[in-house]
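Okay, so here's the structure we're looking at.
The values are calculated or read from the model by the stated rules, or taken from the named source; none is laboratory data. Here the structure is a predicted model, which means the values were calculated and not measured. As a convention, Cβ positions derive from the backbone with ideal geometry for all residues, glycine included, and neighbour counts pool all protein chains shown.
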Amino acid sequence: MPAFVIAYDVSRPRRLRRVARALERRAVRVQYSVFLFRGDEAALTALLEDLRQLIRPEDDVIQAWPVPQGADPERFALGAVRPVNSAAVVVGSSTHFVTPRRPDPPEPQTPGDP
């Protein structure tokens with residue numbers, strides 16, 4: 001399935017929250033204002049049209065870039081990377097993403113421990 005990176009820069013906190021909530025329902029957040037959207041160009045266009053209603057084009061920007069087919073979105077990532085291949089559950093008109101729990105780090109061993 002095609003994927004797109006969507007990023008936004010919204011100047012007012014109220015509009016920013018509305019855009020973020022709208023994207024959280026239809027995409028996976030990978031950074032504070034960056035999302036991974038999976039869908040074809042028609043679905044992306046529909047999403048952008050919905051988002052257009054939430055912003056002031058003279059003050060705000062929302063952009064989308066295609067992710068090449070077969071690319072691993074986590075290949076060139078460092079740090080506390082959010083998983084972008086999360087499972088999702090659709091309830092009514094809301095999509096809820098399930099983030100896998102990270103395993104606990106191994107406990108440090110002291111000399112003499114078996």
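Could you check the range 1-54 and list, in sequence order, the residues that are polar (S, T, N, Q) and under 16 Å from the mean Cα position of the chain (by Cα)?
GLN31, SER33
What residue, of GLY39, GLY92, GLY70, is farther than 28 Å from SER11 by Cα and at pLDDT 75 or above?
Numbers: GLY39 fails: farther than 28 Å from SER11 by Cα; GLY92 fails: at pLDDT 75 or above.
The conditions single out GLY70.
Residue by residue through the range 41-70, note down the ones that are in a loop (DSSP other than H, G, I, E, B), out of contact with any Lys or Arg (no Cβ under 7 Å at 6 or more places or on another chain) and surrounded by 11 or more Cβ atoms within 10 Å (Cβ to Cβ).
Selection gives ASP59 alone.
Report, by residue number, each residue of the range 1-32 that is assigned to a loop (DSSP other than H, G, I, E, B) and surrounded by fewer than 16 Cβ atoms within 10 Å (Cβ to Cβ).
MET1, PRO2, SER11, ARG12, TYR32
Among the residues in the range 15-32, are any small (Gly, Ala, Ser) and modelled with pLDDT of 95 or more?
Yes - at least one qualifying residue is present in the range 15-32.
List pairs: first in the range 45-65 and of a type in the set (D, E, K, R), second crowded, with 18+ Cβ neighbours inside 10 Å and in a loop (DSSP other than H, G, I, E, B), Cβ under 6 Å, 6+ apart or cross-chain?
ASP60/VAL10
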